[in-house]
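Enquirer: Before I ask anything, let me first share the structure, which is written out below as structure tokens.
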Amino acid sequence: MPDLSLGHRRSGDGSPSANGRSRTPLEPTVVTPLAAIADAVRGSFAADRIEMTGRRLRLLDTVDRRLTASGSRLETEAAEGGGKEVGGKEAGERWRLVDADGRVRAEATIRGRAPTLADDLPDGPLRQALEKAISIRGLVASPWIALTEHSTALRDAAGKTRCRLVARTAQVETTGEQRSAVRVEALKGYRREARSVAERVTRRFGWTPAAPDPLTALAPILWPEPGGTADPAVSDIAQPAGPGLRLVLRALLDAIEARSRGVIADIDDEELHDLRVAIRRTRSILALLRSRATDSKQADRTLERARATFAWLGQATGPTRDLDVHILAWRAHRRRTSAEQAAILEPLGRYLAAERAAAHAALVRALRSRRFRTALARWRAVLDAGDQAWTGSEALRRPIGELAGHRIRKLYRRAVREGTAITPDSPAEALHALRKTMKKLRYVVEIIRPGVPADRVRPVLRRLRALQQVLGDVQDMEVQADALRRFGLAMGETGLAGPATLMAIGAQAEDLEIRRAEARDRFAAVFAPVAKRNFGDKVRALAGTRAGDGA
Amino acid sequence: MKVVAAYNIKGGVGKTATAVNLAYAAARAGARVLVIDLDPQAAATFYFRVKPKVKGGGKGLVSGKRDLDDLIKATDHERLDLIPADFSFRNLDLMLDAEKKSKKRLAKLLKPLASDYDVIMLDCPPSVSLVSEAVFHAADALVVPLIPTTLSLRTYQQLQGFRDEEKIAGLALMPFFSMVDRRKSLHREVVDRFPEDHPEALGVQVPYASVVERMGTERAPLATFAPRSAAATAYAALWEEIAKRLG
């Protein structure tokens, strides 16, 4: 057997740079054959002959690396049979969800096209574990990885294995990036022995054999940090709004650009959701910066143009997102219903998928358009212009807290006015208008959140979110029910659905109506505490404004 | 989790070889297996090269004060762990007797292991005792190795009677013939006739083979050092049949 020429990488080596590539040479710091390591640390134990195994696999994770963040990894490799026909069926892939300590938490054989959503996995422990870990996020497969493992058992005088030394090297086949690690594998009931051997490794070689598994260490390279922050905020609410919020807007622009790339690649529906959140937050800040005293027409014109850009983007992203929500609702409904009923609803799923594909194509055209590129480049130039350029109006020079306080008071007053006017007979539009006001209010609060003591901001946000949840449910259910009827009509006219499917669509719309009515009934109880004076005082106190002022 | 006990009132019929080789076959088939060596002679423990010592002795095992997980030792085989025997297990009867609901004690102790193991294999001492009764209450199936002799069949009848007397619902008896030498006419006769009166009998027979004795020198399950031997193949087939019955 050839000597194993790999060793342990010191911590900090090979850390990924911004573009995800390793800054340091790939060679491990210590290049020691495993046999030599074993010989040096075995003490009174005897070391077996080194065994070598190799396999090819890929890793799966979400764009925002949820599995890596939760300390686990999802491996996939050809199921036994290597893709050949087994028992008349395609062998498929074996998926394994592995803990940080190498323990397989759940596994399943996947036949046919590999799913991207946990929802599409066959029923079982793997699906349950993934639903919890990645929710509705899509899975993206890494390139193929060659994993080589060298191992030896350290045995006592009776020949019983007391621990194992394992060296693993994982190499990305397309780029050659590799990570190696040596670990001492403890066996149940013999942990003390493994500890002693690990201590000897450290004493003899100067490194700790507890590095992350090479497959886990590859994750930052395979799934680079998502660009931009989803919810940037200001930490000092006393600083002038222009320079302070410029940085927040720039972080949001980073997120918009990164999420746009994700939307174009269409790897995960949530990329679009995150894009829309970044757009809405941008618009919320732009509204905050709207100057009352127009002492600088130039600054206002620039911001006005940006407002128009992001309003357009908000609209352009709407239809695809609406269809994503419809598809999510269809999936959720399919889960709740019987297998027979789910089969009847399949044509609706196909119809929604086709509609969504068309909407997404239109959205991709918009995101690749010159209008989009020019507008974003122009907006970046404005944001990069420096703090001086962001003090051109009265609003830009005012402290963020003061500006936010004014806006919070105004929005809260409006929300109370709109909410109080809502009666059981009010039209849906009234609740929708309140929802929009509440959303604006929440975004402003979230922007100044880090600058406000947590015990003041948390209770306010909790109540605002609870109200928004009810308002969201009322509107979403109504929109979905209307859309379902529309889809049903279109499918009926074009012959895409038979009577059974149309009846099932009708039943689903009825179900949504019932749930909408339930949410509508909850509104008064959730709104009442928001309208109370003491809650108003808490809201106003967030940005340091006087209690009892305003509303 | 299924609890399987290798049991016979009679000694020297191949109980330990059965427990060890079936456990290994189950682990090879992908199950997470724990062998519990209840026999103070500690033969299964010896086969797995583990020291016959348990923290707190038999009392530590049955009192429930010590976490059973602390007593588990990994063997050299993947997915196969062991709670070793201890010489103090010779008094396991007395220790069980000192506990409340002694007959159901073992079943209660094993319950928390359900999330960690798919199969628990009990290697039982011969004889009928309180330990055996506790095993009967804990097990889903008794795998009973029988040598094809009249005396051996008599002990199986005793076992059946005992099971019926105890009225243990859900305990399946799975007798099978071990150490079968088809050159002997008595063996042939017994083996061929037994299933007529005992439909519960397993179809696989383990032949008499000197290679089984080598387990003592190799200190490992048969399939690791003689994987192609007739006995090793028979144990693998036997597990397959048992697993099917257990469902």
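Enquirer: Using the Cα centre of the protein assembly as shown as origin and beta-carbon charges of +1 (Lys, Arg) and -1 (Asp, Glu), tell me which of B:V206, A:A377, A:H360 is placed farthest towards the positive end of the dipole.
Expert: After comparing all options, I get A:A377.
Enquirer: Any chance you could list the semi-axes, whole Å, largest first, of the equivalent ellipsoid that the Cα gyration tensor gives for the range B:1-116, using √(5λ)?
Expert: Details: eigenvalues 91, 55, 40 Å².
In descending order, the three semi-axes are 21, 17, 14 Å.
Enquirer: May I have the extent of the alpha carbons of the protein assembly as shown along their three principal axes, as whole Å values ordered from largest to smallest?
Expert: Its Cα atoms span 111, 66, 55 Å along the three principal axes.
Enquirer: Something else now. Which residues does a label at A:D101 reach in the range B:101-121, if reach means a backbone N under 20 Å from a point 7 Å past the Cα toward the Cβ?
Expert: Correct set: B:112-119.
Enquirer: If the viscosity is 1.002 mPa s and the temperature 20 °C, what Stokes-Einstein diffusion coefficient in µm²/s follows for the range B:97-247 when Rh is the Kirkwood radius over Cα pairs? Walk me through the numbers on the way to the answer.
Expert: On the way: Rh = 17.1 Å.
In µm²/s, the coefficient rounds to 125.
Enquirer: Over chain B, with a Gaussian network built from C-alpha contacts below 10 Å, which listed residue (B:T75, B:T18, B:T217) shows the highest mean-square fluctuation?
Expert: Looking only at B:T75, B:T18, B:T217, the biggest GNM fluctuation is shown by B:T217.
Enquirer: What's the FRET efficiency of A:V364 with B:A169 using the Cβ-Cβ distance as r and R₀ = 51 Å, to the nearest 0.05? Can you show the working numbers first?
Expert: Working: r = 65 Å, r/R0 = 1.27.
Calculated transfer efficiency: 0.20.
Enquirer: For a quick check, take a GNM of chain B with Cα springs below 10 Å and name the residue from B:D39, B:D86, B:D116 with the largest mean-square fluctuation.
Expert: Largest GNM mean-square fluctuation: B:D116.
Enquirer: Further question: Would you be so kind as to identify all helices of chain A, as entire DSSP H runs, whose Cα atoms reach 20 Å or more along the helix's own axis and whose mean Kyte-Doolittle hydropathy is at least 0.0?
Expert: Details: long enough: A:191-205 (21 Å, -1.38); A:241-265 (35 Å, 0.67); A:269-288 (29 Å, -0.23); A:297-336 (56 Å, -0.88); A:346-368 (32 Å, 0.10); A:400-420 (29 Å, -0.73); A:428-448 (31 Å, 0.15); A:454-493 (56 Å, -0.25); A:499-531 (48 Å, 0.22).
Flagged H segments are A:241-265, A:346-368, A:428-448, A:499-531.
Enquirer: Next up: Cα to Cα, under 18 Å, and not fewer than 8 places away if on the same chain: which aspartates and glutamates meet these conditions relative to B:K184?
Expert: By straight Cα distance, B:K184 reaches B:D192.
Enquirer: Give the percent of DSSP beta bridges with both residues in the protein assembly as shown that are antiparallel, rounded to the nearest 5.
Expert: Working: 53 of 77 bridges.
That works out to approximately 70 percent antiparallel.
Enquirer: Next up: Roughly what % antiparallel, to the nearest 5, for the DSSP beta bridges in the range B:12-152? Let's see the in-between values first.
Expert: Values: 2 of 11 bridges.
Percentage antiparallel, nearest 5: 20.
Enquirer: Quick check for me: using +1 on Lys/Arg Cβ and -1 on Asp/Glu Cβ, what's the dipole size of the range B:107-247 about its Cα centre, in debye to the nearest 20? Intermediate results must be reported in sequence, preceding the final value.
Expert: Working: 15 positive and 18 negative charges, 70 e Å.
That gives the range B:107-247 a dipole magnitude of about 340 debye.
Enquirer: Hey, if you put +1 on the Cβ of every Lys and Arg and -1 on every Asp and Glu Cβ in chain B, which of B:S102, B:L71, B:F48 ends up farthest toward the positive end of that dipole?
Expert: Working it through, the farthest residue towards the positive pole turns out to be B:L71.
Enquirer: Also, I was wondering about something else. Using the eigenvalues of the Cα gyration tensor, what equivalent ellipsoid semi-axes result for the range A:273-372 when each is taken as the square root of five times the eigenvalue, whole Å, largest first? All intermediate terms of the calculation are to be shown ahead of the outcome.
Expert: Details: eigenvalues 319, 46, 9 Å².
Working through the eigenvalues yields semi-axes of 40, 15, 7 Å.
Enquirer: Sticking with this structure for a sec: Hey, in the GNM for chain B with a 10 angstrom Cα cutoff, which one of B:V119, B:V211, B:V35 fluctuates hardest?
Expert: Comparing B:V119, B:V211, B:V35 in the GNM, the peak value goes to B:V211.
Enquirer: In nm², what is the average projected area of the convex hull enclosing the Cα atoms of the range A:357-417? Mind dumping the intermediate values first?
Expert: Details: hull surface 29.5 nm².
If I average the Cα hull's projected area over directions, I get 7.4 nm².
Enquirer: If you place +1 on the Cβ of every Lys and Arg, -1 on the Cβ of every Asp and Glu, and leave all else neutral, what size is the dipole of the protein assembly as shown about its Cα centre, to the nearest 20 Debye? Could the numbers behind the result be given before it?
Expert: Details: 130 positive and 99 negative charges, 621 e Å.
I would put it at about 2980 debye.
Enquirer: Let me ask something additional. Under a straight-distance cross-link criterion of Cα-Cα below 20 Å, which aspartates and glutamates are reachable from B:K53, leaving out those fewer than 8 residues away in the same chain?
Expert: Straight-distance partners of B:K53: A:D156, A:E193, B:D37, B:D39, B:D67, B:D69, B:D70, B:D76, B:D81, B:D86, B:D93, B:D123.
Enquirer: How about A:K532: which aspartates and glutamates have a C-alpha closer than 15 Å to its C-alpha, ignoring those fewer than 8 places off in the same chain?
Expert: A:E418, A:D549
Enquirer: Would you work out which of B:F176, A:V98, B:P125 lies farthest towards the positive end of the dipole of the protein assembly as shown? Charges go on Cβ: Lys and Arg +1, Asp and Glu -1.
Expert: A:V98
Enquirer: Is the shape of the range A:70-189 rounded, prolate or oblate, going by the alpha carbon gyration tensor and its root eigenvalues a ≥ b ≥ c, with a/c under 1.5 for rounded and a/b larger than b/c for prolate?
Expert: prolate
Enquirer: Hey, another quick one. Once you've got the Cα coordinates, tell me which of B:K10/B:K65; B:K108/B:K167; B:K55/B:K244 are over 28 Å apart.
Expert: Working: B:K10/B:K65 32 Å; B:K108/B:K167 19 Å; B:K55/B:K244 36 Å.
Going by Cα-Cα distance, B:K10/B:K65; B:K55/B:K244 fall outside the 28 Å limit.
Enquirer: Under a point-charge model restricted to the Cβ atoms of Lys and Arg (+1) and Asp and Glu (-1), what is the dipole moment magnitude of the range B:127-182 relative to its Cα centre, in debye to the nearest 20? Could the numbers behind the result be given before it?
Expert: On the way: 4 positive and 6 negative charges, 36 e Å.
About 180 debye.
Only the coordinates and a few stated rules stand behind these numbers; no lab work does. Predicted, not measured: the structure shown is a model, and the values here were computed from it. Positions of Cβ are generated from backbone atoms using ideal geometry, with glycine treated the same way; all protein chains shown enter the neighbour counts.
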